[in-house]
1. Quick one: count up the residues across the stretch 71-82 that are of a type outside the set (S, T, N, Q) and surrounded by 13 or more Cβ atoms within 10 Å (Cβ to Cβ).
2. Regarding T98, is this residue of a type in the set (S, T, Y) and either surrounded by fewer than 18 Cβ atoms within 10 Å (Cβ to Cβ) or in contact with a Cys (Cβ under 6 Å, 6 or more places away or on another chain) (or both)?
3. Taking only pairs six or more apart or across chains, which ones have beta-carbon atoms under 6 Å, a first residue in the stretch 79-96 that is assigned to a helix (DSSP H, G or I), and a second residue that is polar (S, T, N, Q) and open to solvent by less than 30 Å² (accessible area, probe 1.4 Å)?
4. In the stretch 26-63, which residue that is touching a residue at least 40 places away in the same chain (Cβ under 8 Å) and of a type in the set (V, I, T) is most open to solvent (accessible area, probe 1.4 Å)?
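The values are calculated or read from the model by the stated rules, or taken from the named source; none is laboratory data. Note that the coordinates shown come from a computational prediction; the quantities given were computed from them, not determined experimentally. Neighbour counts are summed over all protein chains in view; Cβ atoms, including those assigned to glycine, are modelled from backbone coordinates with ideal geometry. Heavy atoms of the whole protein, side chains included, go into the accessibility calculation; ligands, DNA and RNA do not. Shrake-Rupley method; radii C 1.70, N 1.55, O 1.52, S 1.80 Å.
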Amino acid sequence: MYNARVKNYQKEALKTRVAGADRYEIIQMLMAGALERLVYAKVAIEKKQLEAKAEHISRASSILEALRGCLDFEVGGEVTENLYALYSYMLDRLVDATIQNNTAHIDEVSALLKEIKSAWDAIPFDIRQATLSQKNPEAHAG
């Protein structure tokens with residue numbers, strides 16, 4: 001009963017956080033969620049919990065696919081193309097991890113995603129706001 005209440009509270013807190021988040025914050029949350037799922041998948045492999053492994057790798061893969069789908073090729077140019085290729089590579093490595101039950105593949109994907117997240121997190125707030133204003137001037141008019 002207690003666990004159900006905690007999970008319900010966490011779900012509601014996440015809904016509230018997403019509702020008030022901008023595009024940058026949502027991507028940060030997606031990356032954090034994928035990293036969390038990768039940790040769970042690694043533990044599941046180590047404990048030989050194949051069903052849990054499949055679930056967590058599937059969720060991490062879905063998040064990576066969503067991140068790849070958010071890329072804006074018109075704005076990002078070569079950087080966007082490189083990120084697309086990197087996300088695709090990470091998805092391939094997760095397929096390998098699933099088939100081979102290999103935690104090294106998960107570690108590799110985690111390391112790559114941490115680098116991307118670190119760069120994303122380092123984008124200064126004023127640049128984020130300027131970019132958001134350019135995308136949607138009415139929403140950020142002062």
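1. Applying the first criterion (of a type outside the set (S, T, N, Q)) to the stretch 71-82 yields 71-79, 81.
Retained after the next criterion (residues that are surrounded by 13 or more Cβ atoms within 10 Å (Cβ to Cβ)): 71, 76.
Qualifying residue count for the region: 2.
2. Details: of a type in the set (S, T, Y): yes; either surrounded by fewer than 18 Cβ atoms within 10 Å (Cβ to Cβ) or in contact with a Cys (Cβ under 6 Å, 6 or more places away or on another chain) (or both): no.
In short, no.
3. Final answer for the pair search is L91/S61; L94/S61.
4. V39
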